[in-house]
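The values are calculated or read from the model by the stated rules, or taken from the named source; none is laboratory data. Fair warning: this is a prediction, and the values are worked out from it, not measured in the lab. FYI the Cβ positions are ideal-geometry reconstructions off the backbone, even for glycines, and counts take in every protein chain you see.
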Amino acid sequence: MAAGAVVTPAPGRIILFLGPSGSGKSSALANVEGRFAAICRVDRVAFAPDAAVVDQIAPWATLNEAIEIMTACGFSQPQLWVRRFAELSDGERFRARLARAIALQVHLGGEAPLLCDEFCTALHRRAAKAVSFNLRRLVTRLGLSMVVASCHDDVVSDLRPDMVVRLHGNGPCCVESTGFDGKRRPISFHRRLRIQKGGKRDYQAFAAMHYRATDELGFVDKVFVMREGREGELLGIIVYAHSPLELALRNKATEGRFSRHPQRVNRSLRIIRRLVMHPDVRGCGLGHRLVATTLPLVGTEYVECLATMGSFNPVFEKAGMQRIGKYALCPKRKAALDALRSLDVDPHGRAFPKLVARRPRVRAIVARVVHEWYTSTTGGGDARVARQSPQFLAQTFRGLVGAKPVYYLWHKKSAEKRTRAA
């Protein structure tokens, strides 16, 4: 019996064909493919040659939805998003194809599984583990169906497939039902990770990975790094700096304790200025571990954070910080909304994409906001905006005007009480 005939793809399930080169993995995938009328294969996903990759991953989805899928697939660097597909390395092409294939699977639905040959073969093995870990969570949460093939058995512990079919060339295949229980577990190499004191120089290795692409860190107080082993590669960094003298939501949360008290601010408050994880391990739950471990080491009564990412990533809440609220839109985006309203245009209305297409003034307002965001994060604003469809511009604009900085606050005494109560 062909190996592909022994598997039963289903929503929420991952089936792994595992074996050395020439053992029949590709034939097994072809057997599965032949059982479905319409099926998507990661290796056949195509990209237009003249457009940025990020604009093709999920043009029908919101910006946050596209970012979530790209991060899960290890394709989380904004610098890569703006490149054309031909400009990517083999490993980057695999991750881009995987992200687009998953986005298509979510968008189109259907009963056919998503097939992936040479799963993570072109990746650094740490990155392969991280992609496997994130893919397992995504498949479970979205109810996807996947059948993948690999010659590397190091992905098994993080991919946690429901079934492993071990192939041995001409010999019989061995089918293992793993009994996936759905429980969350940390990534397989978590015990090797170390969190240590660092310095401002360490940030140089991470500056280009941050979406703001700037080295302006303010008055830095403490820096901590996460690395693999005591002397291994840096995988994450968190920078604590002196806080601004006045913040409205801080005053609200602390009942004005720090208002007009600069000495008290400098003595009792610090702010998380940067949290950056290596692209290989983003989405694996290591960010909130870095935050939670280092908050008590800062040495102040309060630690605060302002993060746009708080709108779609609960990393700071998971680390024990209290979400206080959102700040208002920045003046330029608020002005854009006011300009659209003066034209009787509702950005959240069903007709908004059509108005972007038909009314030059509306498109100009929307394009300006999107262009400014591209320029400050990934670059290439002029060319990218010019190529984008009205639908995509409208969706991106909606995501940007909805992305407001979230204010978080951590109180040492309150955290200690929660720890004792637990």
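Quick look at the values:
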read-out: Leading residue by the ranking (modelled with the lowest pLDDT) among those in region 4-54 that are surrounded by fewer than 21 Cβ atoms within 10 Å (Cβ to Cβ) and at positive phi; value: 22
read-out: Within region 31-80, tally of residues that are in contact with a helix residue (DSSP H, G or I) (Cβ under 6 Å, 6 or more places away or on another chain), within 30 Å of residue 17 (Cα to Cα) and among the small types (Gly, Ala, Ser); value: 5
read-out: Top-ranked residue in region 286-312 [being out of contact with any helix residue (DSSP H, G or I) (no Cβ under 7 Å at 6 or more places or on another chain), among the small types (Gly, Ala, Ser) and on the phi < 0 side of the Ramachandran plot; ranked as surrounded by the most Cβ atoms within 10 Å (Cβ to Cβ)]; value: 292
read-out: All strands (runs of 3 or more DSSP E) inside region 173-247 with 3 or more residues being under 22 Å from residue 71 (Cα atoms) and either at pLDDT 90 or above or over 22 Å from the mean Cα position of the chain (by Cα) (or both); value: 220-228, 234-242
read-out: Those helices (runs of 4 or more DSSP H) lying entirely in region 55-130 with at least 1 residues over 13 Å from the mean Cα position of the chain (by Cα), of a type in the set (Phe, Trp, Tyr) and modelled with pLDDT of 85 or more; value: 90-108
read-out: Selection count where residues are buried (at least 16 other Cβ atoms within 10 Å of the Cβ) and over 22 Å from the mean Cα position of the chain (by Cα), scope region 313-329; value: 2
read-out: Qualifying residue in region 122-143 (condition: more than 18 Å from residue 71 (Cβ to Cβ), in contact with a Pro (Cβ under 8 Å, 6 or more places away or on another chain) and either surrounded by 24 or more Cβ atoms within 10 Å (Cβ to Cβ) or not assigned by TED's automatic domain parsing to the domain that holds residue 26 (or both)); value: no
read-out: Region 249-285, subset free of Cβ contacts under 8 Å to residues at least 24 places away in the same chain and assigned to a helix (DSSP H, G or I), residue surrounded by the most Cβ atoms within 10 Å (Cβ to Cβ); value: 265
read-out: Residues (farther than 23 Å from residue 251 by Cβ, in contact with a Leu (Cβ under 9 Å, 6 or more places away or on another chain) and modelled with pLDDT of 85 or more) located in region 288-317; value: 289, 290, 291, 315
read-out: Of all residues making up region 169-189, the number that are in contact (Cβ under 8 Å) with a residue 60 or more places away in the chain and exposed (fewer than 13 other Cβ atoms within 10 Å of the Cβ); value: 1
read-out: Matching option when the condition is on the phi > 0 side of the Ramachandran plot and hydrophobic (A, V, I, L, M, F, W, C), among 116, 120, 73; value: 120
